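The values are calculated or read from the model by the stated rules, or taken from the named source; none is laboratory data. Every value quoted in this text rests on a predicted model; they were computed, and no experiment measured them. All Cβ positions, glycine included, derive from the backbone under ideal geometry; neighbour counts span all protein chains shown. Keep in mind that these areas ignore ligands, DNA and RNA; they rest on the heavy atoms of the full protein, side chains included. Shrake-Rupley method; radii C 1.70, N 1.55, O 1.52, S 1.80 Å.
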Amino acid sequence: MVRVLVAEGNSNDGRRQIVESAGRSMAEGYAETLRAIDPTLAINLFSPADEADRLPAPLSSYDGVVVTGSSLHVYRTEPAVTRQIDFLREVFDAGVPVFGSCWGLQLGVVAAGGTVIPNPKRREVPFARSVTLTAAGKTHQMHQSRPAVFDALAIHLDVVSVLPPGSVITAFNDMAAVQAVEFRSGRSLFWGVQYHPEFKLPYMASILRRNASSLVAEATFSSEGELVEMVDAMDSHGNDGDRVRHPSLLPDDVLDRHTRTIEIANWLKMLSSGG
């Protein structure tokens, strides 16, 4: 049985806000996605930002660690951030493979010696458009079954500017030079993506609703009506395979769970095969 630790990326306050709007934390949502891919997984949740939280079991007992998204910024030296950097360095030292989504990618990069900055372009939301596999990405196990160009669910304001030594970029687009990457740090293999393969569409809709005023103010959406229409389309996809309202607003790549979660499923296959 494969055992996975899901590390919540948010602070306690951030986690509470997300639970209020979405009904479950980032870690709980991620665990739900992992179980949908492989119901046999043994999954524990952990909040490294919370000083009072304790690991459910020694790191050495896990086959892999997943790091979720977060509303934090990794370049801000607040305790909720520095505790997570310290935690991930412990994971690297322990030699446990890591998969990071969005914040998880950024946290992994910084913990391994790289740099993350605010995106000089703008926030990328709700989709990462035309994510393009590099030559290395086209043959990488992480992206097996992905087309050379695809769309993905995304919401992030920060981007990687300097990668750790030995990193291999496997995907990029016009908004981020690093949309997916592999590197080794300590004794650990790290895979990370800047998008959110773990999200269901209604979960993304809840995030858009919670941040509606700022997204309209940023001109990410031209009007509140445009945002409401997108949220309505995403909400209508309550269960994968449901007929959606406003289908032209949603890329085909995000509608099917198997397509949307390819990178996570491939990481789990890698864990099952022993790397």
Among the residues that make up segment 99-115, is at least one of them touching a residue at least 24 places away in the same chain (Cβ under 8 Å), surrounded by 19 or more Cβ atoms within 10 Å (Cβ to Cβ), in a strand (DSSP E or B) and aromatic (Phe, Trp, Tyr)? yes
Checking the conditions here, which among Ser47, Ser11 is open to solvent by less than 10 Å² (accessible area, probe 1.4 Å), small (Gly, Ala, Ser), at pLDDT 95 or above and over 19 Å from Thr261 (Cα atoms)? Ser47
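Name the residue, out of Lys200, Lys269, that is at pLDDT below 95, within 30 Å of Val4 (Cβ to Cβ) and not β-branched (Val, Ile, Thr). Spell out how you get there, then give the answer.
Numbers: Lys269 fails: at pLDDT below 95.
Every option except Lys200 fails the conditions.
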I'd like the residue in segment 50-74 that is open to solvent by less than 10 Å² (accessible area, probe 1.4 Å) and touching a Ser or Thr at 6+ places or on another chain (Cβ under 9 Å) and, out of all such residues, is nearest to Cys102 (Cα to Cα). Gly69
Filter segment 9-65 for residues that are of a type in the set (A, V, I, L, M, F, W, C) and assigned to a helix (DSSP H, G or I) and give the result. Ile18, Val19, Ala22, Met26, Ala27, Ala31, Leu34, Ala36, Ile37, Leu59
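When you scan segment 158-213 for strands (runs of 3 or more DSSP E) that lie fully inside it, which ones turn up with 1 or more residues that are open to solvent by 10 Å² or more (accessible area, probe 1.4 Å) and among the hydrophobic types (A, V, I, L, M, F, W, C)?
Passing ranges, in order: 158-162, 168-172, 188-193.
Might you let me know whether segment 90-98 holds any residue that is under 15 Å from Glu263 (Cβ atoms), more than 17 Å from the chain's Cα centre (by Cα) and modelled with pLDDT of 95 or more? Break it down into steps so the answer makes sense when it comes.
Start the filter on segment 90-98 by keeping residues that are under 15 Å from Glu263 (Cβ atoms), which leaves 97-98.
Keeping just the survivors that are more than 17 Å from the chain's Cα centre (by Cα) gives none.
No, the conditions are met nowhere in segment 90-98.
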Identify, by number, the condition in (1) in contact with a helix residue (DSSP H, G or I) (Cβ under 6 Å, 6 or more places away or on another chain); (2) of a type outside the set (D, E, K, R); (3) surrounded by 16 or more Cβ atoms within 10 Å (Cβ to Cβ); (4) closer than 17 Å to Tyr203 by Cα that Leu88 doesn't meet. (4)
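Criterion first (modelled with pLDDT of 95 or more, surrounded by 15 or more Cβ atoms within 10 Å (Cβ to Cβ) and assigned to a loop (DSSP other than H, G, I, E, B)) does Val131 satisfy it?
Values: modelled with pLDDT of 95 or more: yes; surrounded by 15 or more Cβ atoms within 10 Å (Cβ to Cβ): yes; assigned to a loop (DSSP other than H, G, I, E, B): no.
When the stated conditions are applied, Val131 does not pass them.
Would you confirm whether or not segment 117-127 contains a residue that is among the polar types (S, T, N, Q), touching a Gly at 6+ places or on another chain (Cβ under 8 Å), at negative phi and open to solvent by less than 50 Å² (accessible area, probe 1.4 Å)?
No, there is no match, as no residue in segment 117-127 is among the polar types (S, T, N, Q), touching a Gly at 6+ places or on another chain (Cβ under 8 Å), at negative phi and open to solvent by less than 50 Å² (accessible area, probe 1.4 Å).
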Quick check on my filter: what residues within segment 219-261 are at pLDDT below 85 and either small (Gly, Ala, Ser) or open to solvent by 50 Å² or more (accessible area, probe 1.4 Å) (or both)? Ala219, Ser222, Gly238, Asn239, Asp240, Gly241, Asp242, Arg243, Arg245, His246, Pro247
Check Lys269 against each of (1) open to solvent by less than 50 Å² (accessible area, probe 1.4 Å); (2) outside any loop (DSSP other than H, G, I, E, B); (3) touching a residue at least 60 places away in the same chain (Cβ under 8 Å); (4) not aliphatic (A, V, I, L, M) and name the one condition it does not meet. (1)
Segment 22-44, subset loosely packed, with under 14 Cβ neighbours inside 10 Å and not β-branched (Val, Ile, Thr), residue farthest from Gly100 (Cα to Cα): Gly23
Say we look at segment 137-156 and pick out the residues that are of a type in the set (A, V, I, L, M, F, W, C) and surrounded by fewer than 15 Cβ atoms within 10 Å (Cβ to Cβ); which of these is nearest to Ser222 (Cα to Cα)? Val149
